[in-house]
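Here the structure is laid out as structure tokens; the discussion comes afterwards.
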2 protein chains.
Amino acid sequence: MRAVDGGERCAVDREHGRPRPKQRRIMEENVSQSQYLHVTAPTRFVEADGIRHAYRQFGQESGTPLLFLQHFRGGMDHWDPMVTDGLAANRPVILFDNAGVAGSSGETPDTIEALADHAAAFVRALGLSQVDVLGFSIGGHVAQALALRRPELLRRLVIVGSKPRAGEDEGTDPDVSEVATRHEVPTLEDFLFLFFEPSPTSQAAGKAFWERRHRRVVDVDPPTTRQTMQAQSAALLDWRERRGERYAELATITQPALVVDGRHDIMIPTINSYILAQHLPNAQLVIYPDSGHGALFQYPELFVAHVARFLDAEVAFT
Amino acid sequence: MRAVDGGERCAVDREHGRPRPKQRRIMEENVSQSQYLHVTAPTRFVEADGIRHAYRQFGQESGTPLLFLQHFRGGMDHWDPMVTDGLAANRPVILFDNAGVAGSSGETPDTIEALADHAAAFVRALGLSQVDVLGFSIGGHVAQALALRRPELLRRLVIVGSKPRAGEDEGTDPDVSEVATRHEVPTLEDFLFLFFEPSPTSQAAGKAFWERRHRRVVDVDPPTTRQTMQAQSAALLDWRERRGERYAELATITQPALVVDGRHDIMIPTINSYILAQHLPNAQLVIYPDSGHGALFQYPELFVAHVARFLDAEVAFT
């Protein structure tokens, strides 16, 4: 493990990306990891397979770490502190930027499988032999690919707002692609459309999430680049292609899995979560009402309670 | 409320039914309801709309009572003590026999709506203005009809292994009807087929459930009669008929609802629970792995945890 301390970090220009402003970093202090929270955990760096990965670790010092795999165009700052801190109460939590994303070096690859391989290399570079993963959206696809390619690295999976390879597209809102890519930095309005329902309750929950998401103001990620957006778009297109018998590969993912979605996910239709839970041999499904793709950010306390019970049970589903 | 004390109860012959042996009753003592458990709560009787309903109440003395609505041919003894006592830890729990079922007088009616009306009359006869309901299988159908006909009586609904009117039948195992009706008193073998998966884990859970289900040995229900079986069968057939736009009536059930099923329900295909949660305007769905119709008895602790969180939240889904 070659963890690199924080401090002022060099700005990196990227092809197609904006020059990155220097980030004000939180200096690591001689405190235990359990004293850090989502907003105070210093960004660290570790090199794996030629990528200098930005990551943050906080929460309990012992227990199986929970690795968060982020959504399309998202970096470490785009999780909900109520979710990350809530789950960190009883386990180590690790946020990271995959290859080329936000604070990590390199180019973002254009297949889900390559993203999974980078995630695996990152886990190994941290010296970890096994983790739990919480994959959201494209991160849920990466979680599945990771389980298929490196099953020994995973103890349990939480898959949120995701779909299997060659999943159902019917029900995807036709405006999703445009809204998800129209702004260099996605706006509140974009998220209220993409992640939440039009109902007043869901919209209010979206605004509350947005406020929480911006509580961290120092040592933040640079925005993700156009290259990341394009490569992840290509990876999503590739994930739509069938490979062999549809859904057959899911039968080989034997880890206990918790599959979560909102009732009306306009980005990745909710029926995909049902399909995942039907085809994964050991999966529990939870679907929340009055919510969409970002259900985990709409019901952070309930989501944390469900996930914590799932992860903490000595025998899964007891 | 005209509650009738326990003690030796008259045997009642029924058309098509067996003569009932006199039951040894638990005498009510001067103890608080919270000291009773599933196996010790005395059977009481209350008259409502000409039916003398057998019921048992135990658990906390305050809070919204949770009324259990039982499955096809089932009486009060056919719940899992781990589920009833688990939920009674934080609320009053009421088990009862609907009209003509087991220890209750009268004839079992042959529509879900009439069963719901009897349940409503029973609730009012107990002097209760509002309850939560946990309806399992045909009891889940009754819960829906109750919500449609007497919405003011219901605070929240738990619907397990059920389906909407005119739900999906594809996926029902062709042997279900025969196995569910072949024995005068359904056997362990019947339940292991109907309620559990063929996997060793699910079968073992089924046997453990069977052992728990028989812990109550005094003051037990008489078996349900052939008349109950035939009337409930007719009610189930009627529930298959479409009335107006399919699933449209579900939109009017605005109570918070928790919909629960096993991943492979061969009695009432699992997709029905997905459909219920999609069409009920305020419902959360939970589907458990490696389980069937009787998932609530396979994962009693997890089920109780999920239901208790749902019922206990001051604002549903928080």
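The values are calculated or read from the model by the stated rules, or taken from the named source; none is laboratory data. In this text, all values refer to a predicted model and were calculated from it rather than measured experimentally. Because the Cβ atoms are built from the backbone with ideal geometry, glycine has one as well, and the counts that use them run over all protein chains shown. Ligands, DNA and RNA are excluded from the accessible area calculation, which covers all protein heavy atoms including side chains. Shrake-Rupley method; radii C 1.70, N 1.55, O 1.52, S 1.80 Å.
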Just checking, does region B:278-295 include any residue being within 19 Å of the chain's Cα centre (by Cα), open to solvent by 10 Å² or more (accessible area, probe 1.4 Å) and in contact (Cβ under 8 Å) with a residue 40 or more places away in the chain?
no
Counting only residues that are part of a helix (DSSP H, G or I) and in contact (Cβ under 8 Å) with a residue 24 or more places away in the chain, region B:145-159 contains a total of 7
Going through region A:74-93 in order, the residues found to be outside any helix (DSSP H, G or I), open to solvent by less than 20 Å² (accessible area, probe 1.4 Å) and of a type outside the set (Asp, Glu) are A:Gly74, A:Gly75, A:Trp79, A:Arg91, A:Pro92, A:Val93
Would you mind finding the one in B:Glu170, B:Glu178 that is assigned to a loop (DSSP other than H, G, I, E, B) and under 27 Å from B:Arg240 (Cβ atoms)?
B:Glu170
For region A:221-232, indicate whether the set of residues that are free of Cβ contacts under 8 Å to residues at least 40 places away in the same chain and surrounded by 16 or more Cβ atoms within 10 Å (Cβ to Cβ) is non-empty.
no
Considering B:Asp110, B:Asp117, which residue is among the acidic types (Asp, Glu), under 24 Å from B:Arg165 (Cβ atoms), open to solvent by 20 Å² or more (accessible area, probe 1.4 Å) and part of a loop (DSSP other than H, G, I, E, B)?
B:Asp110
Among the numbered conditions (1) charged (D, E, K, R); (2) under 28 Å from B:Leu188 (Cα atoms); (3) within 16 Å of the chain's Cα centre (by Cα), tell me where B:Asp173 comes up short.
(3)
For A:Ser34, all conditions in the list (1) part of a helix (DSSP H, G or I); (2) among the hydroxyl-bearing types (Ser, Thr, Tyr); (3) touching a Lys or Arg at 6+ places or on another chain (Cβ under 9 Å) hold save one; what is the number of the exception?
(3)
How many of the residues in region A:157-173 are farther than 21 Å from A:Tyr299 by Cβ and touching a strand residue (DSSP E or B) at 6+ places or on another chain (Cβ under 8 Å)?
0
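Residue-by-condition table, conditions (1) under 30 Å from A:Ala316 (Cβ atoms); (2) modelled with pLDDT of 95 or more; (3) among the charged types (D, E, K, R):
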residue: B:Pro200; (1), (2), (3): yes, yes, no
residue: B:Ala204; (1), (2), (3): yes, yes, no
residue: B:Arg215; (1), (2), (3): yes, yes, yes
residue: B:Val220; (1), (2), (3): no, yes, no
residue: B:Thr225; (1), (2), (3): no, yes, no
residue: B:Leu258; (1), (2), (3): yes, yes, no
residue: B:Asp261; (1), (2), (3): yes, yes, yes
Suppose we filter region B:124-144 for residues that are surrounded by fewer than 24 Cβ atoms within 10 Å (Cβ to Cβ) and assigned to a helix (DSSP H, G or I); how many remain?
2
Which helices (runs of 4 or more DSSP H) does region B:252-318 wholly contain that include 3 or more residues that are over 18 Å from B:Leu87 (Cα atoms) and more than 8 Å from chain A (Cβ to nearest Cβ)?
B:271-279
Would you check if B:Gly63 is open to solvent by less than 20 Å² (accessible area, probe 1.4 Å) and in contact with a Pro (Cβ under 9 Å, 6 or more places away or on another chain)?
no
Scanning region B:258-277 residue by residue, the ones that are of a type in the set (A, V, I, L, M) and open to solvent by less than 10 Å² (accessible area, probe 1.4 Å) total 5
